[in-house]
Amino acid sequence: MAGSTLRFSLLLAAAFAGRATALWPWPQYIQTSELRYTIFPHSFQFQYHLSSAAQVGCSVLDEAFQRYRDLLFGSAAFRFPHPIEKRHTSEKNSLVVLVVTPGCDQFPSLGSVENYTLTINDEQCLLLSETVWGALRGLETFSQLIWRSPEGTFYVNKTDIEDFPRFPHRGLLLDTSRHYLPLSSILDTLDVMAYNKFNVFHWHLVDDSSFPYESFTFPDLTKKGSYNPATHIYTAQDVKEVIEYARLRGIRVLAEFDTPGHTLSWGPGVPGLLTPCYSGSHPSGTFGPVNPALNNTYEFMSTFFLEISTVFPDFYLHLGGDEVDFTCWKSNPDIQAFMKKKGFGDDFKKLESFYIQTLLDIVSAYGKGYVVWQEVFDNKVKVRPDTIIQVWREEIPVKYVKEMALVTSAGFRALLSAPWYLNHITYGPDWKEIYLVEPLAFEGSPEQKALVIGGEACMWGEYVDSTNLVPRLWPRAGAVAERLWSNKMVSNLDFAFKRLAHFRCELLRRGVQAQPLSVGYCDMEFEQT
Amino acid sequence: MEQRGLGRLRLPGLLALLAALGVLVVQAALGRRRAQTPRISASRNQNLWPLPVTVRTTPRLLYLSPGNFFFGHSPTSKAGPSCAVLQEAFRRKMELQKLEVSVIMDPECDSFPSITSDESCEYLCHGNRLFTKLLVTDSRARSLETFSQLIYQHSSGTFTANESNIVDSPRFPHRGILIDTSRHFLPIKTILKTLDAMAFNKFNVLHWHIVDDQSFPYQSITFPELSNKGSYSLSHVYTPNDVRTVIEYARFRGIRVLPEFDSPGHTASWGKGQKDVLTPCYHSREPSGTFGPINPILNSTYSFLSKLFKEISTVFPDKFIHLGGDEVDFHCWYETLLTTPLHPFLKPLALEVGVEVVLDMISAMKKTSIVWQEVFDDEGKLTPGTVVQVWKKRNFHMKLRKITAAGFPVIISAPWYLDLISYGEDWTGYYLVEPLNFAGTPEQKQLVIGGEACIWGEYVDATNLTPRLWPRASAVGERLWSHQDVTDLEDAYRRLIRHRCRMVGRGIAAQPLLPGYCEHEGRM
């Protein structure tokens, strides 16, 4: 062996998935060796490099240092006193962090650079990154490189890593309408997302079932539309907390307010907003989608989305647009009259388009970009060219692979979720299928492929709440995380299994209730509280 | 009848002072009431799960004051403050003014529950705002669970119950949950939590599939090497004290612990700590280095099994022992037997001999054996009275007919493998299974002693056990407890949704049935 260095090619890597290389997700380039350095928890520090653009006072990194110290050493950090003066090259007492570009107080964005390099050798133990967000990703990797002998000594192996994400949008969707998720469930999820290098929390806040988002312009929305306006709501303070908690972990919060369908819970709080459905010539007492024929609707939306645009700092808002049921619109005479007036004939897709276009214009005027579900594209709604289309339907109207080709050939950016509906469960190791999805496996030009900005794992809430969210999500969502971060070539199932099984035990160690992949055990099992 | 003394049991303080308040004594000896159809009054109670045999409630409301409510023993009760099972149960239901409990049958306060334990009960819930009550029951605390479910809290915070009269008894005496602690180790806390949830659903058997191929967590006193070498790690072990804790915790909840030591297959983990117990497999007349089922042709095997089962029969007080016997891979035996001229046994014979010896062993220990259906299928000679557990879903009703026709008691689990998950509301499928829906005589039907919901451990450990088990297993719980005619899905939905929220409120992370919410959401 040349030196004691093993050079990994991506395909060979499977052979060397030892303790020191059980990383998840797998980095773009890694070179590691059996040479190891001892780490003494009591004296180990994270330090800013003298020439780093980020220095003490940088909230994102200061807090990350504290988190990773706790995650790595916990209470062990102070148990074994060790004389400071004894220093050998076989010891590492700090990780030096060098961030090139200043900026600690901004929010991460779709264009944020997450690259980093990690160099651990005799001379240095250095994490170099373009931005603080890259430094966060590198800290996570570093934390996964540290291992512990059965006697309890901490080690890190000589390692070189150069890493960057394959896709810039790596998201996880939570649905807080079908079931309310306590704030703590959301915050805990953000932590685990960071462990998996996810960077977008797609918050499907409201839907037919309930409206837990407390709006300060329209407080009746939650008063009348939430499951319980005292306990099952997200206050402005809660939302702020989520956004800041996410920011500190390099995660964007993409808020979704889905219209014109999926809006039943909006109705009680905003009289006149929803379409009254008719049975024959009389209102049936039930309601359908948002009423697109009234000016009031657009005035409401205009005020409401002004609030939303202010509350959520991300450039993008998710405007929904999926599964609009036309039957109620069809039954309503006022809608029929409006269709006639507009010359839409019997084509309710045109009515839907009219609504969505008006809404998109409103949101654009607030300086926001938007993401919509694929129906908006399928129904040929005229959208801005920088719209992001999220593909979620597996088979209909076309297979999702085909849909990706269609969306990108029309020049739109695409997000893939169709094969990653994690709320759908089956017996056995279904993570393998999730893992083997190749987002770019559609026919299209390199330019088209470049329009795929990433994907999202979706955990819809019909059958999910805080009782079962965590084990259903992890480590299955981890499979999506690696697909979106690592090189396309990293797709060997055995290699993935070994690392993912190791990673899930690490999650347990970190207190995350991640479910098993197969038979076996972890040194630290989940303990009931 | 002995006067149990005066005084009152004040909760949460544990002082047992029985108050001899004027109570109505019902002297009805309650047998099992299989024949009775459920009768529910117009003001149907939406809170009960599983549904009792008869419930009569009136709109009249009775109020409880949490500060003053207490459980007391009726002067005529056969059980008194020294009955630990009841005293503990009283404490668990401490949130509730006074419930007077009268046990009319042998109270079985210090013994273990058994298959013949009388679980029937009748109680009247009546009186003025004073809320005096009478309860007639065995000491198994089932009726206390029912009582606790009758209490609801007004939005004003007042604890309330409707005046009611309930007569109840289970349809089947064996209502089990199978847990598998070999594929994944389940910490003791998780097992105890499961026992709590079982009691909330009136389950009365914990079928503990304690060992299997993957690991041997049971720490044997006689053969400590079995777990020393065969467990996942030395911290993934159930010590004798752990096992005692589980058994006692279960007993206080009227739950039997049925241990399963599956053999001759599913025993790979046994081989690590016990030399020669497994069959060495052959490949082309050479030992292949791998091992198959228990080696049935060595005398040493039987002396080992005899000692092991002797220990097990002492450690586990239940009258039944589950011997497994499922999915035996004959391939290894064949190869070995073919290359061992001294033992020209053929397969069925080898198994038959093995099974017969083990069954005799168990009989000699005055225990009854339970086996998986293969043992019956493979036409081993089953000792009369051996219970057969049916687990293969395909044509299971046919199998029930055959086994009961041969005169063996059966336990059903075929339609209730809860580890097989799917998207959506799969509990309705478990709920609508009718266990006695097979062609057979009334005597045959009598041989169906109950069923078990199984949560095998290949993909289940402490992280996901509870939400995967509850409330899906509750569907099985009602099927095994309530009357055959209790099959209205809409009604079940309404009650189960409430029951699920109640479990969540009691700290059981039972997953949701459909979109909605509980007043108090679960926190993991």
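The values are calculated or read from the model by the stated rules, or taken from the named source; none is laboratory data. All values reported here derive from a predicted model rather than from experimental measurement. Please note: Cβ atoms are built from the backbone with ideal geometry, for glycine as well, and neighbour counts cover all protein chains shown.
Checking the stated criteria, B:Leu351 turns out to be modelled with pLDDT under 80 and either among the small types (Gly, Ala, Ser) or not in a loop (DSSP other than H, G, I, E, B) (or both).
Contact map, region B:172-200: first residue away from every other protein chain (no Cβ under 11 Å) and closer than 11 Å to B:Ile255 by Cα, second residue hydroxyl-bearing (Ser, Thr, Tyr) and buried (at least 23 other Cβ atoms within 10 Å of the Cβ), Cβ cut-off under 7 Å, separation 6 or more or different chains; pairs are B:Ile177/B:Thr194.
Taking the condition within 14 Å of another protein chain (Cβ to nearest Cβ), at pLDDT below 95, in a loop (DSSP other than H, G, I, E, B) and under 25 Å from A:His179 (Cα atoms), does A:Thr529 pass? Yes: the conditions hold for A:Thr529.
Figure legend. Inter-residue proximity from region A:41-62: first residues closer than 19 Å to A:Phe142 by Cα and of a type in the set (Ser, Thr, Tyr), second residues at pLDDT 95 or above and surrounded by fewer than 21 Cβ atoms within 10 Å (Cβ to Cβ), beta-carbon distance below 6 Å, spacing 6+ or different chains. Indicated pairs: A:Tyr48/A:Gln55; A:Ser52/A:Leu98.
Just to be sure, is A:Thr119 modelled with pLDDT under 95, surrounded by 16 or more Cβ atoms within 10 Å (Cβ to Cβ) and either in contact with a Cys (Cβ under 8 Å, 6 or more places away or on another chain) or not aromatic (Phe, Trp, Tyr) (or both)?
No: the conditions fail for A:Thr119.
Scanning region B:499-520 for residues that are of a type in the set (D, E, K, R) and in contact with a Cys (Cβ under 9 Å, 6 or more places away or on another chain), we see that the one that is farthest from the other protein chains (Cβ to nearest Cβ) is B:Arg502.
Under the condition of being farther than 21 Å from A:Lys488 by Cα and not small (Gly, Ala, Ser), the residues counted in region A:408-420 number 1.
Quickly run through region B:251-295 and pick out the residues that are in contact with a strand residue (DSSP E or B) (Cβ under 6 Å, 6 or more places away or on another chain), surrounded by fewer than 19 Cβ atoms within 10 Å (Cβ to Cβ) and in a loop (DSSP other than H, G, I, E, B). Scanning region B:251-295 gives no hits. Candidates in region A:251-284 are the residues that are among the hydrophobic types (A, V, I, L, M, F, W, C) and in a loop (DSSP other than H, G, I, E, B); of these, the one that is nearest to A:Asn332 (Cα to Cα) is A:Leu273. Here is the figure for region A:213-250: residues that are outside any helix (DSSP H, G or I) and over 30 Å from A:Glu140 (Cα atoms) total 16.
Taking the criterion of being within 30 Å of A:Val200 (Cβ to Cβ) and among the charged types (D, E, K, R), the residues of region A:305-353 that qualify are A:Glu307, A:Asp314, A:Asp322, A:Glu323, A:Asp325, A:Lys349, A:Glu352. So is A:Thr141 assigned to a strand (DSSP E or B), modelled with pLDDT of 95 or more and in contact with a Leu (Cβ under 8 Å, 6 or more places away or on another chain) or not? Judged against the criteria, A:Thr141 is not a match.
One residue stands out in region A:456-469 among those that are of a type outside the set (D, E, K, R) and within 21 Å of A:Leu507 (Cβ to Cβ): the one that is farthest from the other protein chains (Cβ to nearest Cβ), namely A:Ala457. Among the candidates B:Leu192, B:Leu226, B:Leu206, the residue that is touching a helix residue (DSSP H, G or I) at 6+ places or on another chain (Cβ under 9 Å), aliphatic (A, V, I, L, M) and surrounded by fewer than 20 Cβ atoms within 10 Å (Cβ to Cβ) is uniquely B:Leu192.
Using the structure shown, decide if B:Lys189 is touching an Asp or Glu at 6+ places or on another chain (Cβ under 8 Å) and not aliphatic (A, V, I, L, M). It is true that B:Lys189 is touching an Asp or Glu at 6+ places or on another chain (Cβ under 8 Å) and not aliphatic (A, V, I, L, M).
One line per residue, one yes/no per condition, for (1) within 13 Å of another protein chain (Cβ to nearest Cβ); (2) buried (at least 20 other Cβ atoms within 10 Å of the Cβ); (3) closer than 21 Å to A:Tyr29 by Cα:
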{"site": "A:Phe442", "(1), (2), (3)": "no, yes, no"}
{"site": "A:Pro471", "(1), (2), (3)": "yes, yes, no"}
{"site": "A:Val490", "(1), (2), (3)": "no, yes, yes"}
{"site": "A:Arg499", "(1), (2), (3)": "no, yes, yes"}
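Among the conditions (1) under 20 Å from the mean Cα position of the chain (by Cα); (2) closer than 30 Å to B:Val371 by Cβ; (3) away from every other protein chain (no Cβ under 13 Å), the only one that B:Leu496 does not satisfy is (2).
The requirement of being closer than 20 Å to A:Gln66 by Cα, of a type outside the set (S, T, N, Q) and crowded, with 22+ Cβ neighbours inside 10 Å is not satisfied by A:Arg148. In region A:267-297, what residues are surrounded by fewer than 16 Cβ atoms within 10 Å (Cβ to Cβ) and either β-branched (Val, Ile, Thr) or within 33 Å of the chain's Cα centre (by Cα) (or both)? Of everything in region A:267-297, just one residue is surrounded by fewer than 16 Cβ atoms within 10 Å (Cβ to Cβ) and either β-branched (Val, Ile, Thr) or within 33 Å of the chain's Cα centre (by Cα) (or both), namely A:Thr286. Suppose we keep only residues that are farther than 27 Å from B:Phe147 by Cβ and not hydrophobic (A, V, I, L, M, F, W, C) within region B:201-212. Which one would you say is farthest from the other protein chains (Cβ to nearest Cβ)? Here the residue is B:His207. A:Tyr435 meets each of the listed conditions (1) of a type in the set (Phe, Trp, Tyr); (2) under 19 Å from the mean Cα position of the chain (by Cα); (3) within 10 Å of chain B (Cβ to nearest Cβ) apart from (3). Taken over region A:505-516, the criterion of being crowded, with 21+ Cβ neighbours inside 10 Å, in a loop (DSSP other than H, G, I, E, B) and more than 7 Å from chain B (Cβ to nearest Cβ) is satisfied by A:Val512 alone. Residue count for region B:402-423, restricted to those that are surrounded by fewer than 17 Cβ atoms within 10 Å (Cβ to Cβ) and either farther than 30 Å from A:Pro429 by Cβ or at pLDDT below 95 (or both): 3.
Taken over region A:174-202, the criterion of being in a strand (DSSP E or B) and either facing chain B (nearest Cβ under 9 Å) or under 19 Å from A:Thr467 (Cβ atoms) (or both) is satisfied by A:Leu174, A:Asp175.
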